[in-house]
Amino acid sequence: MKPPEKRTETDWKKAMLTEKARQCLSGMGFDAEHTQRVTALLEENRRDEARQKLRQLRCGLMDELHSCQRKVNQLDWLIRETEKDPTADRR
């Protein structure tokens, strides 16, 4: 019978980072495919590729944020317009 393998500190850190990444991505609502892709890259110690994928996900979120900000700005404009006195500018 083979004795259990001892994990090095580096192995533990990699496993912890992988698990934290899985929890974070799932908690942020990313689908299983994205979560699995990033964690697989981390498990394979392909950190540069994992970081690139995370940056792509971030860019997608920033696009969504900017889209939502434009909608908020339009709503703010409409709110301000409804607060104006409709008879004040009539000549």
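The values are calculated or read from the model by the stated rules, or taken from the named source; none is laboratory data. Worth saying up front: this structure is predicted, and the values here are computed from it rather than measured. Cβ: placed from backbone, ideal geometry, glycine included. Neighbour counts: every protein chain shown.
Every listed requirement among (1) surrounded by 10 or more Cβ atoms within 10 Å (Cβ to Cβ); (2) in a loop (DSSP other than H, G, I, E, B); (3) not β-branched (Val, Ile, Thr) is met by residue 88 save one, (1). There is no residue in segment 16-27 that is exposed (fewer than 10 other Cβ atoms within 10 Å of the Cβ), over 17 Å from the mean Cα position of the chain (by Cα), at negative phi and not in a loop (DSSP other than H, G, I, E, B). Residue 39 meets the conditions (1) assigned to a helix (DSSP H, G or I); (2) on the phi > 0 side of the Ramachandran plot in every case but one. The failed one is (2).
Is one or more of the residues making up segment 45-68 in contact with a His (Cβ under 7 Å, 6 or more places away or on another chain) and in a helix (DSSP H, G or I)? There is at least one residue in segment 45-68 that is in contact with a His (Cβ under 7 Å, 6 or more places away or on another chain) and in a helix (DSSP H, G or I). From the list 25, 57, the one residue that fits, being touching a residue at least 12 places away in the same chain (Cβ under 8 Å) and in contact with a Phe, Trp or Tyr (Cβ under 7 Å, 6 or more places away or on another chain), is 57.
The residues listed here are 50, 88; of these, the one that is among the aliphatic types (A, V, I, L, M) and at pLDDT 95 or above is 50.
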